[in-house]
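Report on the structure given below.
The values are calculated or read from the model by the stated rules, or taken from the named source; none is laboratory data. As the structure is a prediction and not an experimental result, all values here were calculated from the model. Backbone-built Cβ (ideal geometry, glycine too); neighbour counts: all protein chains shown.
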Amino acid sequence: MENQKIDFADCIDLMKQSDYRHIRNLVSYLRALKNSFGDDVAKIVEDISCKDAFNRYKNLAIDQEDRTIEKLISILWGERPIPGLHQYTYKKENDGFQFNCTVCPYVDMFKKLDATEWGYRLYCALDPPLVEGFNENIGFRRTKTLMEGHDCCDHFYYYLK
């Protein structure tokens, strides 16, 4: 068997394709549920997703000696953007860290499916509860998202007084 070189860009493409198939199926199920049971399904899905995010990050924090904003940022955003996935800039400010994300692969996938409402409920809405779950002394503010059609997602992480 011959060793094949796998290009980094090819790995990113494969990951995006796999995520897209999963999201396409999930959106199909959610639309069917909403059509059968009404608009409450969307709120229920968001509530369950938020509770899950809170609990996942609360459990993650148990294993962390360091529960600072810097550690949370490291977990959420990594050391640097991965080309082809999220693209963002950030800066440390006196009272916190400002991130401006201008490219998100999930936005592209949900837009392609005409399902940004689901994208917001399944991904974007999870940010406040996951921050709180990780450390209840860290605050989170965002005034716009790509999923809602804005030019960026403006995440701001800060310590609560």
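At a glance:
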{"item": "Residue among 149, 133, 119, 139 that is touching a residue at least 12 places away in the same chain (Cβ under 8 Å), over 13 Å from the mean Cα position of the chain (by Cα) and within 24 Å of residue 19 (Cα to Cα)", "result": "149"}
{"item": "Candidate set: the stretch 107-159, residues that are β-branched (Val, Ile, Thr) and modelled with pLDDT of 95 or more; chosen: the one nearest to residue 42 (Cα to Cα)", "result": "116"}
{"item": "Residue among 123, 90 that is crowded, with 18+ Cβ neighbours inside 10 Å and not hydrophobic (A, V, I, L, M, F, W, C)", "result": "123"}
{"item": "Test: residue in the stretch 41-58 that is out of contact with any Leu (no Cβ under 8 Å at 6 or more places or on another chain), over 20 Å from residue 113 (Cβ atoms), modelled with pLDDT of 95 or more and buried (at least 16 other Cβ atoms within 10 Å of the Cβ)", "result": "yes"}
{"item": "Counted residues, the stretch 25-51 - those being in contact (Cβ under 8 Å) with a residue 40 or more places away in the chain and of a type in the set (Asp, Glu)", "result": "1"}
